[in-house]
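Visitor: I'd like to ask you about the structure that follows.
Derivation of every value follows stated rules applied to the coordinates shown; laboratory data play no part. Owing to the predicted nature of the structure, the values given are computational and were not obtained by experimental measurement. Virtual Cβ from ideal backbone geometry, glycine too; neighbours counted across all protein chains shown.
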Amino acid sequence: MSVTMTGTEVRLGPVDEIPYGEGRAYAVLGRQVAVFRQRTGAVHALSAICPHKGGPLADGQLDDVVVMCPLHANTFELATGCSPSGEKSLTVYPVRVTDDGTIVVTVPPGAETGAPGGPPSSLAESIPTGAPNPGPRETPLETEGAA
C-alpha cells in the first residue's frame, strides 16, 4: 500500500485471478470494490454493491460497456459508474495493472474510512462473490467457483 497525491494505492493481487469477462469483489480500506476484467483485458473498478437492493455486482454479467446486477438487472457503465437504468451511480475507482500483472486500485483521499463492516484494513482481501462480507481478515480469502 502506498499513499500518493491522488489517494491510497492498494495492491489487490494478480490480474490472472480474474477470468476474462468476469469480476471479483475485494475489501479495500473498508470499502467493497468490484474489479472487472473485460474480454479485451481492460480492467475497471467500481463499488461492489448495487444501490438498489445490495446485489453483488461482481457476480453480474458484463459486456464491453456495462455490468448487470444479478438481482434485478440494473445496469451500470464500467467506465463511469452511471446507470442507464436510472439507479444511483456507483463510485468508480482508478485501477491499473502493473508490469508484473498486479491489480492496483486507488482510493481517493478521505474515502478510506466510514464504510460499514468494521474498521478499515491495511490489507486488501478477496471476498468470495455471492457470499456475505465475513469481516476483516488477515489474509486473502479464496474465491469460490466462477462468477
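Visitor: Could you give the nm distance between label points at MET1 and LYS53, where each point is 7 Å from its Cα heading toward the beta carbon?
Guide: 3.4
Visitor: Using the count of nearby Cβ atoms within 10 Å as a rough guide to exposure, how do PHE76, PHE36 rank from fewest to most?
Guide: The fewest-first ordering by Cβ neighbours comes to PHE36, PHE76.
Visitor: By the scheme Lys and Arg +1, Asp and Glu -1, what is the net charge of all other residues having a beta-carbon under 14 Å from that of ASN74?
Guide: Here the charged neighbours net out to -1.
Visitor: Can you sort HIS44, HIS72 from fewest to most other Cβ atoms within 10 Å of each residue's own Cβ?
Guide: Least crowded to most crowded, the residues run HIS72, HIS44.
Visitor: Going by how many other Cβ atoms sit within 10 Å of their own, how do LEU71, LEU57 line up, fewest first?
Guide: LEU71, LEU57
Visitor: Along the charge dipole of the range 17-104, Cβ charges K/R +1 and D/E -1, which of ALA42, ALA79, LEU29 sits furthest on the positive end?
Guide: Sorting the options by dipole projection puts first LEU29.
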